[in-house]
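One structure, as structure tokens, below. Some questions next.
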Amino acid sequence: MSGTCEDVRGSGAAPAVAASVASEAPAPVISVRHVGTVLGGVRIHKDISLDVKAGEVLGIIGGSGSGKTTLLRLMLGLERPSEGEVLVLGQRLGNCEASDLARVRHRWGVLFQQGALFSALTVFDNIALPLRELKSLPKDLIAELVMQKLVQVGLKPEDGAKMPAELSGGMIKRVSLARALIMDPQLLFLDEPTAGLDPASSKRFVQLIESLKREMDLTVVMVTHDVDTLFALVDRIAVLADQHLIAHGPLEQVVQMQHPFIRNFFLGHVQRCAEESLRSYRDALSHQDDPQPA
Ligand SMILES: Nc1ncnc2c1ncn2[C@@H]1O[C@H](COP(=O)(O)OP(=O)(O)OP(=O)(O)O)[C@@H](O)[C@H]1O
């Protein structure tokens, strides 16, 4: 199996330089070390190792069934690795105490693919849920925080009274994002954030994620099939295929790799990844208005 981009870049460093760089580098926000996963007797991952650095957006791509969502679930402590270990925000997941897991979970937010809103609760109550679970905040403060988040994700305060069934696809995503961010997390996980949205809504939602990422200084891990979303947001990508991590590095380096999955995935898009094109694409996106939540 081919090495990662980072393996290749790191291999040329003189040992003394490598050691001093390593001692100065901040600890990664997420560290996946030699992880293997077997679910229901089926091997999903073999020897996966990757880091997520503070402040970056890591995109995870791979074919259907390649184990992207399972990797996300390992990072969320919802699955245990069969081999290796996963550390998130300094906490080793898998066999930690429930109270330690609960503490670290308060420091991340998750946007699930279908939004995962509770259909019997209003928008307000869906967003307030994580705050109410703390059982220590006064009602007035909860109301104020929920209203702030509604506005921050581009919704109106009066949308708080609506039921999920009354919302458009774009609004559902925004409510889910507000809930994911209500605890002001350091880390945000996004599973197919633009799935099911039309191109215009998808573009507006990506703009919103980009501006919130900057405002809140978030580290983001995102699974996506969508090339435009990747080009708009990610710093590095991790590519899963044949149970392995076949690439892990900056977007512009990974697109050049010759693995058949990578070639097919980026077919027709390689030129867009040239540094200048990428910069102007992102500039154009961040300068467009974001008027409607549609
Ligand atoms: N609990 C489980 N028990 C057995 N097999 C599982 C379980 N969860 C996932 N799998 C299998 O693991 C493989 C990877 O699933 P996963 O959902 O992680 O893939 P994915 O890359 O996210 O796919 P997609 O892009 O289609 O959503 C699939 O073959 C799936 O059927």
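What follows is calculated from the coordinates using simple rules that are stated; it is not laboratory data. Model, not experiment: these values are computed from the prediction. FYI the Cβ positions are ideal-geometry reconstructions off the backbone, even for glycines, and counts take in every protein chain you see.
Give, in whole angstrom and from largest to smallest, the semi-axes √(5λ) of the equivalent ellipsoid of the chain, with λ running over the eigenvalues of the Cα gyration tensor.
Numbers: eigenvalues 205, 113, 67 Å².
So the equivalent ellipsoid measures 32, 24, 18 Å along its semi-axes.
Taking +1 at the Cβ of each Lys and Arg and -1 at the Cβ of each Asp and Glu, which of F112, G55, P260 sits farthest along the dipole of the chain towards its positive end, judged by Cα position relative to the Cα centre?
F112
Considering all projection directions equally, how large on average is the shadow of the alpha-carbon convex hull of the stretch 100-143, in square nanometres?
Numbers: hull surface 15.5 nm².
The Cα convex hull of the stretch 100-143, projected and averaged over all directions, gives 3.9 nm².
Let me ask something else about it. Taking a cut-off of 16 Å between Cα atoms, list the lysines near K203, but don't count ones fewer than 8 places away on the same chain.
Those lysines meeting the cut-off are K173, K213.
Please work out the Cα center distance from the stretch 92-161 to the stretch 180-252, rounded to the nearest Å.
If we compute the Cα centre of each part, the gap is 20 Å.
Hey, any idea what the orientation-averaged projected area of the convex hull of the stretch 97-254's Cα atoms comes to, in nm²? Each step should come with its number before you reach the end.
Values: hull surface 43.3 nm².
Mean shadow area of the hull around the Cα atoms is 10.8 nm².
Run the numbers for E144 and R107: contour at 0.36 nm per residue of separation, minus the present Cα-Cα distance, in nm. Walk me through the intermediate numbers first.
Numbers: separation 37, 0.36 × 37 = 13.32 nm, distance 2.01 nm.
Taking 0.36 nm per residue and subtracting the Cα distance, the gain is 11.3 nm.
Still on this structure, please answer the following. In whole angstrom, and with the biggest value first, how far do the Cα coordinates of the stretch 26-173 range along each principal axis?
On the principal axes, the stretch 26-173 reaches 49, 34, 30 Å in Cα extent.
Of I142, I237, I61, which is the most mobile in a GNM of the chain whose springs link Cα atoms less than 10 angstrom apart?
Top of the fluctuation ranking is I142.
Could I ask something else about it? Looking at the square roots a ≥ b ≥ c of the eigenvalues of the Cα gyration tensor of the stretch 108-197, which shape do they give, rounded for a/c under 1.5, prolate if a/b is larger than b/c, or oblate?
Numbers: a/c = 1.74, a/b = 1.26, b/c = 1.38.
Oblate.
Extent of the stretch 178-225 along each principal axis, from alpha carbon coordinates, in Å, largest to smallest?
28, 18, 16
Something else about it: What 222 nm value per residue comes from the helices of the chain, counting each DSSP H run with n ≥ 4 as -39,500 (n - 2.57) and dividing by all residues, nearest 500 deg cm²/dmol? Numbers along the way, then the final one.
Numbers: 12 runs with 118 residues, N = 294.
It lands at -11500 deg cm²/dmol.
Have a look at the DSSP beta bridges in the chain and tell me what percent are antiparallel, nearest 5.
Numbers: 20 of 38 bridges.
Around 55 percent of the beta bridges assigned by DSSP in the chain are antiparallel ones.
When the dipole is taken about the Cα centre of the chain, and only Lys, Arg (+1) and Asp, Glu (-1) are charged at their Cβ, what size is it in debye, to the nearest 20?
Values: 30 positive and 35 negative charges, 91 e Å.
The calculated dipole for the chain is roughly 440 debye.
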